[in-house]
Amino acid sequence: MKAGLPDDLRALFNAAWRGGEAVQAWHQALKVGDWLVLLLGSIVVVSSYTLLWHGGVADRAIVKRDGKTIVELSLNSARKVSVDGALGVTVIEVQPGRARVLSDPGPRQYCVQQGWLTRAGSVAICAPSHITLQLSGRDANYDSLNY
């Protein structure tokens with residue numbers, strides 16, 4: 001048995017290499033079953049993304065300094081907490097369902113630029129101040145500090 005491409009497929013590939021009518025011809029070669037497979041694959045990808053891509057619901061914020069827990073805050077009520085770090089005072093703000101680093105004495109302000117954290121496992125690290133803000137929940141799927 002001689003291995004090779006069917007004539008229709010060979011003509012399609014040849015046209016693709018030359019350019020021209022291949023752009024219009026490739027979709028004409030697809031059959032109804034091919035379109036169904038593409039449609040079902042797209043549905044599986046979109047539904048998997050919407051159902052599985054979430055970090056869980058956060059219910060508390062954990063503030064650490066040098067790896068040691070300083071305070072755990074519930075995400076049910078609004079409050080601000082000041083934590084002493086290596087460079088000065090870092091302010092953590094908590095609103096219902098979210099938390100952020102409001103201010104930090106670090107030079108680049110990366111942890112402040114993280115903005116509001118809302119998902120379990122999210123983290124904002126103020127490296128110069130040695131302060132870490134992490135959200136935790138019942139169903140966190142990963143530890144964001146260890147890769």
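Looking at the square roots a ≥ b ≥ c of the eigenvalues of the Cα gyration tensor of the stretch 60-136, which shape do they give, rounded for a/c under 1.5, prolate if a/b is larger than b/c, or oblate?
prolate
Which order results if H27, H130 are arranged by neighbouring Cβ count within 10 Å, fewest first?
Result, fewest neighbours first: H27, H130.
Report the relative contact order of the stretch 60-136, percent, no decimals, based on alpha-carbon pairs under 8 angstrom and at least 6 residues apart.
30
None of the figures in this text is laboratory data; all of them are computed from the coordinates on show. Not measured: the values here are computed from a predicted model. Methodologically, a virtual Cβ is constructed for each residue, glycine included, from the backbone with ideal geometry; neighbour enumeration extends over all protein chains shown.
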